[in-house]
Amino acid sequence: PHLAALVLARGGSKGIPLKNIKLLAGVPLIGWVLRAVSDAGVFHSIWVSTDHDEIEKVAKQFGARVHRRSPEVSQDSSTSLEAIREFLNHHPEVDIVGNIQATSPCLHPTDLVKVTDLIQKEGFDSVFSVVRRHQFRWSEVKKGENKMTEPQNLNPAKRCRRQDWPGELYENGSFYFAKRHLIEKGYLQGGKMAYYEMRAEHSVDIDIDIDWPIAEQRVLSFGYFGKEPLKEVKLLVCSIEGCLTNGRIYVTEDHKEMVSYDYRDIVGIELLKKREIQVRLISERDCSKTLSAMQLGCVAKISATNKLQVLKDWQEDMGLSWKEVAYLGNEESDVECLKQAGMSGVPADACAAAQKAAGYICKSSGGCGAVREFAEHIFLLLEKVNSARKQ
């Protein structure tokens, strides 16, 4: 049977405008989910249902196909079930739909593989995600009512410790898998049903702005970053124009060139060095005088006609795997380097091709703190590596 992954990503979001493609830890929100879905390797097709051009563009960047949903199922009052049924009407080849929430950035491929087994091997008609919570519930007393609250799931006289109580299962909305015949009858849950319990640290949902910084920290600690495990970064290669500087060249009356840079980026380079991460610079221009004036003390290659070959030479000379190399670029000439490096980033104002190839998009522009920001991102991921080693 044809199993399709379907991510619903409407353009209109009341809580956070264009939430589905807003950057979360340097990656569009929907990208975290699409990466996990793709690497699960169990879906015959991967779709994003949207009514918005920008969301369509991002979805295709992450390898998904796009179903353009109609205005009728793109309203604030439209339900997920209506959008899924419309999708099925246009795709008769699909037998099972895995409806996966774009707002669940800590989803892992292993979860999706196990859910697929429940449907395809164990014969369940529908499977949905839950999370275990240890929360005591009390009855609500409305304002003005002269009543006492009552315990719902505990005995206050014999209040147990959290670790002695198994807790309760709650839907967390990460995914709903269902067979076509159920959905056509108007159900996402029905028939022979099963739940799939997700780990609490992977159960992240984003509805309002206040969730965003919390979710960023959670995804950096527990998110899925790809098939290969993260490794300790040993080398950062940074493009000079547009990353270390803002790309502008000022010419004086006596024909001397001047550039500007942000002192925060210099601090970022020094912090990287203290962590024993080498920093090397690369430029297509002959900017030797600029480098001399900045006194960074970094190995640099100027007038580089083939940046990728320079990067390969450095990687081989240092005896590093590509997973130990990070690259910060901003132009089309950086694209192949961004694809090759184990960790890649671009400033906020990088060209579209570079943004598409990068794993992290900075909030800062080139020459305005992007190097420092990318350094901080590297440090956060290294904490994840060290944490995994301890475990």
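The values are calculated or read from the model by the stated rules, or taken from the named source; none is laboratory data. Because the structure is predicted, anything quoted here is derived from the model rather than measured. So basically every Cβ, Gly included, is an ideal-geometry build from the backbone, and we count neighbours across all protein chains shown. Accessible surface is based on the protein model in full, side chains and every heavy atom, while ligands, DNA and RNA are left aside. Shrake-Rupley method; radii C 1.70, N 1.55, O 1.52, S 1.80 Å.
Structure data summary
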| read-out | value |
| --- | --- |
| Cα-projected label distance for THR149 with LYS363, points at 7 Å along beta-carbon direction, nm | 3.5 nm |
| In nm, spacing of pseudo-spin labels at GLU383 and LYS227 (7 Å Cα→C-beta vector) | 3.0 nm |
| Karplus-derived 3J(HN,Hα), 6.51/-1.76/1.60, for each residue of the range 330-343, Hz, glycine and proline x | 8, 10, 4, 5, 9, 4, 5, 5, 4, 5, 7, 5, x, 10 |
| Computed FRET value (nearest 0.05) for ARG65 with VAL113, which takes r as the C-beta separation and R₀ as 22 Å | 0.60 |
| With all protein chains modelled, accessible area of CYS368 [1.4 Å, Å²] | 60 Å² |
| Helix 29-40 vs. the chain, principal-axis angle (Cα, 0 to 90°, nearest 10) | 80 degrees |
| Spacing of the two label points (7 Å from each Cα toward its C-beta) at LYS312 and LYS339, in nm | 1.3 nm |
| Entries in LYS60/LYS339; LYS57/LYS179; LYS57/LYS312; LYS60/LYS234; LYS22/LYS179; LYS231/LYS289 that, when Cα-Cα distance is taken, lie over 24 Å | LYS57/LYS179; LYS57/LYS312; LYS60/LYS234; LYS22/LYS179; LYS231/LYS289 |
| DSSP-defined beta bridges in the chain - what % are antiparallel, rounded to 5 | 35 percent |
| Largest to smallest accessible area among SER49, SER365 [probe 1.4 Å] | SER365, SER49 |
| Carbon and sulfur %, accessible surface of the chain computed with the full protein complex present, 1.4 Å | 47 percent |
| Highest-fluctuation residue, HIS134, HIS44, HIS52 considered, GNM on the chain with Cα pairs under 10 Å | HIS134 |
| Calculated FRET efficiency for the pair GLU171/ARG85, C-beta based, R₀ 22 Å, to 0.05 | 0.65 |
| Potential extension, ASP76-ARG132 segment - 0.36 nm per residue separation minus Cα distance | 17.2 nm |
| Degrees, to the nearest 10: 307-317 long Cα axis against longest axis of the chain | 90 degrees |
| Cα-based shape type of the range 146-205, given that a ≥ b ≥ c are square roots of the gyration tensor eigenvalues and the cut on a/c is 1.5 | prolate |
| Sparse-neighbourhood loop sites, trypsin sites (Lys or Arg not before Pro) in the range 41-135 - DSSP loop, at most 14 other Cβ within 10 angstrom | LYS121 |
| Among [x] 2.01; [y] 1.24; [z] 1.17, the entry derived from the coordinates for Cα Rg over 2.2 N^0.38 Å | [z] |
| Formal net charge of residues neighbouring ASN246 (Cβ-Cβ distance under 12 Å; K, R +1; D, E -1) | -3 |
| Theoretical FRET efficiency, 1/(1+(r/R0)^6), r = Cβ-Cβ of ARG199 and LYS158, R0 30 Å, to 0.05 | 0.55 |
| Qualifying aspartates and glutamates (Cα of each under 12 Å from Cα of LYS114; at least 8 residues distant if same chain) | GLU122, GLU197 |
| Mean ellipticity per residue at 222 nm, deg cm²/dmol - from DSSP H runs of n ≥ 4 across the chain, formula -39500 (n - 2.57) | -9500 deg cm²/dmol |
| Neighbour cut-off at most 10 other Cβ (10 Å), DSSP loop, GluC sites (Glu not before Pro), the range 274-360 | GLU276 |
| Per DSSP, loop GluC sites (Glu not before Pro) in the range 140-235 with at most 16 further Cβ within 10 Å | GLU140, GLU145, GLU232 |
| Estimated vicinal HN-Hα couplings, Hz - the range 255-261 in sequence order (Karplus 6.51, -1.76, 1.60; Gly, Pro = x) | 6, 8, 8, 9, 10, 10, 9 |
| Residue-by-residue Karplus 3J(HN,Hα) for the range 70-77, coefficients 6.51, -1.76, 1.60, Hz, glycine and proline x | 7, x, 5, 10, 10, 7, 4, 8 |
| With Cα atoms, 0 to 90° folded angle of helix 263-274 axis to the chain main axis | 80 degrees |
